[in-house]
Amino acid sequence: MKNIRIKSKEENITRAIARAELHDQPKILALVGRATDGDVDAFGDLYSIYLDPIYRYVFYHVRDKMTAEDITEEVFVKAWKAIDSCKGKERTFSSWLYRIAHNQMVDKSRSAQKRLAIEVRAESLPETGDVEKETEARLEWEQTLEAISRLPEKQREIIILKFVEGMDNREIEDITGKSQNAIRVLQMRALNTLWQRLHKEV
């Protein structure tokens, strides 16, 4: 399995292609079908496609780079070991993968009840060439991450899936098991809380 700690220009190009492939559902379904039959190469392709989204999802929860990398690797190891359970359920693979990630984070938090340090990846911030603007953007980003981290767990989950991962309510329903009405309520409460906290800190 690939080491996600190694980054290069070639890898960035590969991941850009992988992001585009997330929208190629026929290809995803075919890969999952092959992976459930024991095709390691097919699972490797799924790994490349879903690595960034799963890492990002975990990172926004734990806010620590090394912890996020470790959990992400564990998610894919567990997914490969249990890939047989996806046979005939290829369309729910994405939701299944996110549920594994969620459960893995819950397990980690139970075993390590401590506040994790904020770490923002440089590539998440705009490169303006203006040191003052970049510093201001970084501070705003850190404030936003801090505010998100203080949301109740259910609200934080919805905000990350909706606004970081860009999922619609149907996809969020598949992952969380909550009704779309419940999702809308949690989203409204979370956004209201974030607005109040961020404006207090201005």
### Summary
Screening Asp41, Asp24 for residues that are more than 22 Å from Asp107 (Cα to Cα), modelled with pLDDT of 90 or more and not assigned by TED's automatic domain parsing to the domain that holds Gly166 leaves only Asp41
### Query
Do you know which of the residues in the stretch 73-103 that are among the hydroxyl-bearing types (Ser, Thr, Tyr) and buried (at least 17 other Cβ atoms within 10 Å of the Cβ) is nearest to Glu157 (Cα to Cα)?
Tyr98
### Message
Could you tell me how many of the residues in the stretch 151-196 are under 18 Å from the mean Cα position of the chain (by Cα), of a type outside the set (Gly, Ala, Ser) and at pLDDT below 85?
### Response
3
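The values are calculated or read from the model by the stated rules, or taken from the named source; none is laboratory data. Note that the coordinates shown come from a computational prediction; the quantities given were computed from them, not determined experimentally. When we count neighbours, we look across all protein chains shown, and the Cβ atoms used for this are built from the backbone with ideal geometry, even at glycine.
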